Amino acid sequence: MTAQIIDGKIMAQNLRDELAQKVAHLPTSPYLAVVLVGNDEASIIYDRNKQKAAEAIGMKCKIHHLPEETTQNDLLQLIDNLNHDVLVNGIIVQMPLPKHLNSNEIVESIDHAKDVDGFGIYNLGLLHANDSSAMVAATPQGVLYMLQHTLGNLTGKHAVIIGRSNIVGRPLASLLLNNHCTVTIAHSKTVDLPSIVSKADIVVAACGVAKMVKKEWIKEGATVIDVGINRVDGKICGDVDFDNVKEVASYITPVPGGVGPMTVTMLLNNTLRAYLNQNSSLKK
Ligand code: GUN
(Lines give C-alpha, C1' and ligand atoms only; values in the text may rest on other atoms or scores of the structure.)
Protein backbone atom coordinates (compact mmCIF):
# COMPACT_ATOMS: atom_id res chain seq x y z
CA MET A 1 0.00 0.00 0.00
CA THR A 2 1.22 3.49 -0.79
CA ALA A 3 -0.59 6.46 0.68
CA GLN A 4 -2.31 9.08 -1.42
CA ILE A 5 -0.63 12.45 -1.08
CA ILE A 6 -2.77 15.28 0.30
CA ASP A 7 -1.61 18.17 -1.87
CA GLY A 8 -1.70 21.32 0.26
CA LYS A 9 -0.50 23.49 -2.60
CA ILE A 10 -3.45 22.65 -4.85
CA MET A 11 -5.96 22.81 -2.00
CA ALA A 12 -4.58 26.18 -0.90
CA GLN A 13 -4.60 27.59 -4.44
CA ASN A 14 -8.23 26.55 -4.98
CA LEU A 15 -9.20 28.24 -1.72
CA ARG A 16 -7.22 31.37 -2.60
CA ASP A 17 -9.03 31.57 -5.96
CA GLU A 18 -12.34 31.43 -4.07
CA LEU A 19 -11.16 34.12 -1.63
CA ALA A 20 -10.03 36.34 -4.54
CA GLN A 21 -13.50 36.10 -6.07
CA LYS A 22 -15.13 37.10 -2.79
CA VAL A 23 -12.70 39.99 -2.27
CA ALA A 24 -13.30 41.24 -5.84
CA HIS A 25 -16.97 41.80 -4.98
CA LEU A 26 -16.30 43.92 -1.86
CA PRO A 27 -16.48 47.73 -1.97
CA THR A 28 -13.08 48.08 -0.24
CA SER A 29 -10.05 45.82 0.33
CA PRO A 30 -9.73 43.85 3.57
CA TYR A 31 -6.59 45.09 5.31
CA LEU A 32 -4.13 42.94 7.29
CA ALA A 33 -1.49 44.64 9.45
CA VAL A 34 1.58 42.52 10.21
CA VAL A 35 3.89 43.56 13.05
CA LEU A 36 7.44 42.19 12.88
CA VAL A 37 10.05 43.02 15.52
CA GLY A 38 13.74 42.32 14.91
CA ASN A 39 15.57 40.44 12.18
CA ASP A 40 14.70 36.75 12.57
CA GLU A 41 15.29 35.46 9.04
CA ALA A 42 12.51 32.87 9.01
CA SER A 43 10.00 35.44 10.31
CA ILE A 44 10.97 37.94 7.61
CA ILE A 45 10.39 35.28 4.92
CA TYR A 46 7.08 34.14 6.47
CA ASP A 47 5.80 37.70 6.62
CA ARG A 48 6.81 38.50 3.04
CA ASN A 49 4.95 35.35 1.96
CA LYS A 50 1.86 36.48 3.86
CA GLN A 51 2.04 39.91 2.22
CA LYS A 52 2.48 38.45 -1.28
CA ALA A 53 -0.39 36.02 -0.76
CA ALA A 54 -2.68 38.77 0.58
CA GLU A 55 -1.92 41.11 -2.32
CA ALA A 56 -2.38 38.29 -4.85
CA ILE A 57 -6.03 37.92 -3.77
CA GLY A 58 -6.69 41.68 -3.69
CA MET A 59 -6.17 42.33 0.03
CA LYS A 60 -4.07 45.11 1.48
CA CYS A 61 -1.21 44.05 3.74
CA LYS A 62 1.30 46.31 5.46
CA ILE A 63 4.32 44.98 7.35
CA HIS A 64 5.32 47.20 10.30
CA HIS A 65 8.96 46.16 10.65
CA LEU A 66 10.34 47.47 13.97
CA PRO A 67 13.94 47.28 15.22
CA GLU A 68 15.09 44.57 17.65
CA GLU A 69 15.42 47.11 20.50
CA THR A 70 11.75 48.20 20.30
CA THR A 71 10.31 48.64 23.81
CA GLN A 72 7.15 47.05 25.20
CA ASN A 73 5.52 50.49 25.37
CA ASP A 74 6.40 51.35 21.76
CA LEU A 75 4.89 48.07 20.59
CA LEU A 76 1.76 48.52 22.73
CA GLN A 77 1.39 52.03 21.27
CA LEU A 78 1.59 50.73 17.68
CA ILE A 79 -1.03 48.06 18.41
CA ASP A 80 -3.27 50.66 20.05
CA ASN A 81 -3.02 52.77 16.88
CA LEU A 82 -3.85 49.74 14.70
CA ASN A 83 -6.76 48.79 17.00
CA HIS A 84 -8.22 52.27 16.50
CA ASP A 85 -7.53 52.49 12.75
CA VAL A 86 -10.92 51.76 11.16
CA LEU A 87 -9.25 50.74 7.88
CA VAL A 88 -7.31 47.89 9.55
CA ASN A 89 -9.35 44.69 9.81
CA GLY A 90 -6.76 42.20 11.08
CA ILE A 91 -3.58 42.46 13.16
CA ILE A 92 -0.91 39.82 13.67
CA VAL A 93 2.30 40.10 15.65
CA GLN A 94 4.89 37.68 14.28
CA MET A 95 6.20 35.23 16.88
CA PRO A 96 8.68 34.70 18.38
CA LEU A 97 9.21 38.23 19.71
CA PRO A 98 12.64 39.26 21.03
CA LYS A 99 13.13 37.96 24.60
CA HIS A 100 12.90 41.35 26.35
CA LEU A 101 9.26 41.71 25.23
CA ASN A 102 6.26 40.23 27.06
CA SER A 103 4.44 38.44 24.25
CA ASN A 104 1.36 37.51 26.35
CA GLU A 105 0.71 41.17 27.13
CA ILE A 106 1.23 42.07 23.46
CA VAL A 107 -1.17 39.39 22.21
CA GLU A 108 -3.81 40.41 24.77
CA SER A 109 -3.53 44.06 23.68
CA ILE A 110 -4.88 43.22 20.20
CA ASP A 111 -8.59 44.02 19.77
CA HIS A 112 -10.21 40.57 19.75
CA ALA A 113 -12.24 41.50 16.68
CA LYS A 114 -8.93 42.01 14.83
CA ASP A 115 -7.10 38.99 16.36
CA VAL A 116 -6.85 37.06 13.09
CA ASP A 117 -4.18 34.75 14.57
CA GLY A 118 -6.74 33.68 17.19
CA PHE A 119 -3.98 33.69 19.83
CA GLY A 120 -5.80 35.89 22.39
CA ILE A 121 -7.57 34.47 25.44
CA TYR A 122 -10.98 35.72 24.24
CA ASN A 123 -10.87 33.79 20.96
CA LEU A 124 -9.26 30.77 22.64
CA GLY A 125 -12.16 30.77 25.12
CA LEU A 126 -14.75 30.86 22.32
CA LEU A 127 -12.99 27.95 20.57
CA HIS A 128 -12.83 25.98 23.83
CA ALA A 129 -16.56 26.57 24.33
CA ASN A 130 -17.30 25.39 20.76
CA ASP A 131 -18.62 28.82 19.73
CA SER A 132 -18.44 29.12 15.94
CA SER A 133 -17.74 32.87 16.13
CA ALA A 134 -14.21 32.10 17.43
CA MET A 135 -11.30 33.35 15.33
CA VAL A 136 -9.19 30.17 15.15
CA ALA A 137 -5.42 29.97 14.62
CA ALA A 138 -4.49 29.37 10.99
CA THR A 139 -2.44 26.17 11.21
CA PRO A 140 -5.01 24.07 13.11
CA GLN A 141 -7.72 25.39 10.77
CA GLY A 142 -5.63 24.30 7.79
CA VAL A 143 -5.21 20.83 9.29
CA LEU A 144 -8.97 20.51 9.94
CA TYR A 145 -9.75 21.61 6.39
CA MET A 146 -7.35 19.04 4.93
CA LEU A 147 -8.85 16.26 7.05
CA GLN A 148 -12.46 17.16 6.21
CA HIS A 149 -11.73 17.44 2.51
CA THR A 150 -9.93 14.12 2.49
CA LEU A 151 -12.01 12.00 4.86
CA GLY A 152 -15.39 13.78 4.94
CA ASN A 153 -17.16 13.42 8.27
CA LEU A 154 -14.69 13.00 11.14
CA THR A 155 -17.23 11.80 13.73
CA GLY A 156 -15.88 9.05 15.97
CA LYS A 157 -12.39 9.03 14.53
CA HIS A 158 -9.55 8.70 17.02
CA ALA A 159 -7.07 11.52 16.48
CA VAL A 160 -3.68 11.52 18.18
CA ILE A 161 -1.96 14.92 18.16
CA ILE A 162 1.74 14.88 18.99
CA GLY A 163 2.54 18.30 20.45
CA ARG A 164 0.76 20.58 22.94
CA SER A 165 1.74 24.07 21.74
CA ASN A 166 -0.62 27.03 22.03
CA ILE A 167 -0.29 27.61 18.28
CA VAL A 168 -1.04 24.08 17.02
CA GLY A 169 -1.65 21.17 19.43
CA ARG A 170 -4.07 22.72 21.91
CA PRO A 171 -6.33 24.63 19.48
CA LEU A 172 -6.34 21.66 17.08
CA ALA A 173 -7.48 19.38 19.92
CA SER A 174 -10.46 21.70 20.53
CA LEU A 175 -11.29 21.87 16.81
CA LEU A 176 -11.23 18.08 16.41
CA LEU A 177 -13.23 17.59 19.61
CA ASN A 178 -15.79 20.11 18.29
CA ASN A 179 -15.93 17.92 15.16
CA HIS A 180 -16.72 14.82 17.26
CA CYS A 181 -13.32 13.12 17.16
CA THR A 182 -11.94 11.25 20.13
CA VAL A 183 -8.78 13.23 20.82
CA THR A 184 -5.53 12.27 22.51
CA ILE A 185 -2.81 14.90 22.98
CA ALA A 186 0.64 13.37 23.32
CA HIS A 187 3.77 15.35 24.17
CA SER A 188 7.42 15.08 25.15
CA LYS A 189 6.57 13.50 28.54
CA THR A 190 4.12 10.94 27.12
CA VAL A 191 4.93 7.34 28.10
CA ASP A 192 5.01 4.77 25.25
CA LEU A 193 4.17 7.13 22.40
CA PRO A 194 4.36 4.39 19.71
CA SER A 195 1.55 2.36 21.31
CA ILE A 196 -0.66 5.46 21.64
CA VAL A 197 -0.05 6.51 18.02
CA SER A 198 -0.77 2.97 16.84
CA LYS A 199 -4.41 3.35 18.00
CA ALA A 200 -4.98 6.46 15.85
CA ASP A 201 -7.15 6.80 12.73
CA ILE A 202 -5.64 10.29 12.38
CA VAL A 203 -2.10 11.22 13.43
CA VAL A 204 -1.05 14.87 13.53
CA ALA A 205 2.67 15.40 14.08
CA ALA A 206 3.50 18.81 15.55
CA CYS A 207 6.42 17.98 17.80
CA GLY A 208 9.25 19.81 16.02
CA VAL A 209 11.56 16.78 15.76
CA ALA A 210 12.66 15.81 12.25
CA LYS A 211 11.27 12.46 11.00
CA MET A 212 10.33 11.36 14.54
CA VAL A 213 7.10 9.53 13.64
CA LYS A 214 7.96 6.05 12.37
CA LYS A 215 6.22 3.56 10.08
CA GLU A 216 6.03 0.95 12.88
CA TRP A 217 3.88 3.35 14.98
CA ILE A 218 1.18 3.84 12.35
CA LYS A 219 -2.01 1.78 12.09
CA GLU A 220 -2.50 0.51 8.54
CA GLY A 221 -4.78 2.89 6.64
CA ALA A 222 -4.38 5.83 9.03
CA THR A 223 -4.26 9.44 7.82
CA VAL A 224 -1.06 11.28 8.70
CA ILE A 225 -0.77 15.08 8.80
CA ASP A 226 2.70 16.56 9.22
CA VAL A 227 2.89 20.08 10.68
CA GLY A 228 6.68 20.00 11.15
CA ILE A 229 9.17 22.17 9.28
CA ASN A 230 12.77 21.10 9.98
CA ARG A 231 15.98 21.66 8.11
CA VAL A 232 18.26 18.60 7.91
CA ASP A 233 21.48 18.84 5.85
CA GLY A 234 20.05 21.89 4.10
CA LYS A 235 16.82 20.07 3.13
CA ILE A 236 13.36 20.81 4.54
CA CYS A 237 11.60 17.83 6.11
CA GLY A 238 8.69 17.26 8.46
CA ASP A 239 8.20 15.48 11.80
CA VAL A 240 7.14 12.28 9.99
CA ASP A 241 9.49 9.73 8.41
CA PHE A 242 7.60 10.29 5.15
CA ASP A 243 9.31 7.80 2.83
CA ASN A 244 8.54 4.87 5.14
CA VAL A 245 5.25 6.01 6.72
CA LYS A 246 3.68 6.42 3.27
CA GLU A 247 3.94 2.63 2.87
CA VAL A 248 1.31 2.04 5.61
CA ALA A 249 -0.86 5.18 5.69
CA SER A 250 -3.92 5.79 3.48
CA TYR A 251 -3.30 9.52 3.17
CA ILE A 252 -0.29 11.65 4.05
CA THR A 253 0.79 15.28 3.71
CA PRO A 254 4.23 16.07 2.25
CA VAL A 255 6.68 18.65 3.63
CA PRO A 256 7.03 21.07 1.93
CA GLY A 257 3.73 21.44 0.05
CA GLY A 258 1.38 20.13 2.73
CA VAL A 259 0.15 22.08 5.75
CA GLY A 260 2.39 25.13 5.08
CA PRO A 261 0.47 26.64 2.13
CA MET A 262 -2.83 26.04 3.95
CA THR A 263 -1.71 28.11 6.96
CA VAL A 264 -1.30 31.35 5.00
CA THR A 265 -4.61 30.71 3.23
CA MET A 266 -6.46 30.33 6.52
CA LEU A 267 -4.94 33.58 7.79
CA LEU A 268 -6.34 35.34 4.72
CA ASN A 269 -9.71 33.67 5.31
CA ASN A 270 -9.68 34.95 8.90
CA THR A 271 -8.89 38.45 7.63
CA LEU A 272 -11.88 38.30 5.28
CA ARG A 273 -14.07 37.09 8.18
CA ALA A 274 -12.85 39.95 10.38
CA TYR A 275 -13.59 42.44 7.58
CA LEU A 276 -17.12 41.09 7.14
CA ASN A 277 -17.75 41.12 10.92
CA GLN A 278 -16.61 44.74 11.05
CA ASN A 279 -18.77 45.65 8.02
CA SER A 280 -21.78 43.59 9.07
CA SER A 281 -24.07 45.17 6.45
CA LEU A 282 -22.02 43.31 3.78
CA LYS A 283 -22.60 39.88 5.34
CA LYS A 284 -24.91 37.58 3.43
N1 GUN B 1 5.05 32.10 14.39
C2 GUN B 1 4.89 30.82 13.99
N3 GUN B 1 3.63 30.63 13.52
C4 GUN B 1 2.99 31.82 13.66
C5 GUN B 1 1.68 32.24 13.34
O6 GUN B 1 0.80 31.49 12.87
N7 GUN B 1 1.40 33.56 13.60
C8 GUN B 1 2.32 34.40 14.15
N9 GUN B 1 1.94 35.65 14.42
N10 GUN B 1 3.54 34.03 14.45
C11 GUN B 1 3.88 32.74 14.20
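The values are calculated or read from the model by the stated rules, or taken from the named source; none is laboratory data. In this text the structure is predicted, and so the values were computed from the model without any measurement. With ideal geometry, Cβ positions are generated from the backbone for all residues, glycine too; neighbour counts draw on all protein chains shown. Ligands, DNA and RNA are stripped out before the accessible areas are found, and what is left, the full protein with its side chains, is counted by its heavy atoms. Shrake-Rupley method; radii C 1.70, N 1.55, O 1.52, S 1.80 Å.
What to note about this one:
- Taking the inverse of the mean 1/r over every pair of distinct Cα atoms in the chain gives a Kirkwood hydrodynamic radius of 19.6 Å.
- Residue (of Ser109, Leu26, Thr150) at the positive-pole extreme of the chain, dipole from beta-carbon charges: Thr150
- Principal axis extents of the Cα atoms in region 1-57, from largest to smallest and rounded to whole angstrom, are 46, 36, 11.
- Altogether, the Stokes-Einstein calculation at 37 °C and 0.692 mPa s, with the Kirkwood radius of region 115-202 over Cα pairs as Rh, returns a diffusion coefficient of 246 µm²/s.
- Region 178-221 versus region 232-284: alpha-carbon centroid distance in Å: 19
- Here the ratio of the Cα radius of gyration of region 1-126 to 2.2 N^0.38 Å is 1.19.
- In this structure, the residue pairs whose Cα-Cα separation is over 32 Å, taken from Lys52/Lys283; Lys62/Lys99; Lys22/Lys219; Lys9/Lys219; Lys62/Lys246, are Lys22/Lys219; Lys62/Lys246.
- Averaging 1/r over every pair of different alpha carbons in region 188-258 and inverting the result gives a Kirkwood radius of 12.0 Å.
- Relative intensity, log₁₀ I(q)/I(0), of region 120-262 from a Debye sum that treats every alpha carbon as a point, q = 0.09, 0.16 Å⁻¹: -0.24, -0.78
- Principal-axis tilt of helix 8-24 within the chain, Cα atoms, nearest 10 degrees: 30
- Largest GNM mean-square fluctuation across Val259, Val204, Val232, computed for the chain with C-alpha springs under 10 Å, falls on Val232.
- Protection proxy ranking, peptides 239-251, 21-33, average beta carbon neighbours within 10 Å, highest first: 239-251, 21-33
- Rounded FRET efficiency, nearest 0.05, which uses the C-beta distance separating Val191 from Asn244 and R0 of 22 Å: 0.40
- Using a Gaussian network model of the chain in which every pair of alpha carbons under 10 angstrom is joined by a spring, one finds that among Ile121, Ile110, Ile218 the greatest mean-square fluctuation is at Ile121.
- Taken about its Cα centre, region 116-266 carries a charge dipole of about 160 debye when Lys and Arg each add +1 at the Cβ and Asp and Glu each add -1 at the Cβ.
- With Cα atoms, 0 to 90° folded angle of helix 72-84 axis to the chain main axis: 80
- Helical content of the chain, expressed as a calculated mean residue ellipticity at 222 nm, amounts to -12500 deg cm²/dmol (DSSP H runs of 4 or more residues, -39,500 (n - 2.57) each, divided by residue number, nearest 500).
- Based on Cα contacts under 8 Å between residues 6+ apart, region 97-161 shows a relative contact order of 20 percent.
- Extension reserve of the Asp131-Arg231 stretch, reckoned as 0.36 nm per residue once the Cα distance is removed: 32.3 nm
- Helix 138-151 and the longest principal axis of the Cα set of the chain meet at an angle near 40°.
- Within a Gaussian network of the chain (alpha carbon springs, distance under 10 Å), most fluctuating of Ile236, Ile92, Ile162: Ile236
- Charges were assigned to the Cβ only: +1 to each Lys and Arg, -1 to each Asp and Glu. The resulting dipole of the chain about its Cα centre is roughly 620 debye.
- The stretch between Thr184 and Ile45 holds 46.7 nm of extra length on full extension. This uses 0.36 nm per residue minus the Cα-Cα distance.
- Carbon-plus-sulfur accessible fraction, region 33-72 (probe radius 1.4 Å, protein heavy atoms only): 52%.
- Loop-located trypsin sites (Lys or Arg not before Pro) in region 183-222 (DSSP state not H, G, I, E or B) with no more than 11 neighbouring Cβ atoms inside 10 Å: Lys189.
- Per the Cα gyration tensor, region 80-131 maps to an equivalent ellipsoid with semi-axes of 19, 16, 8 Å, ordered largest to smallest.
- Carbon and sulfur %, accessible surface of region 146-263 computed with the full protein complex present, 1.4 Å: 51
- Per residue, the accessible area of the chain comes to 49 Å², computed with a 1.4 Å probe over protein heavy atoms only.
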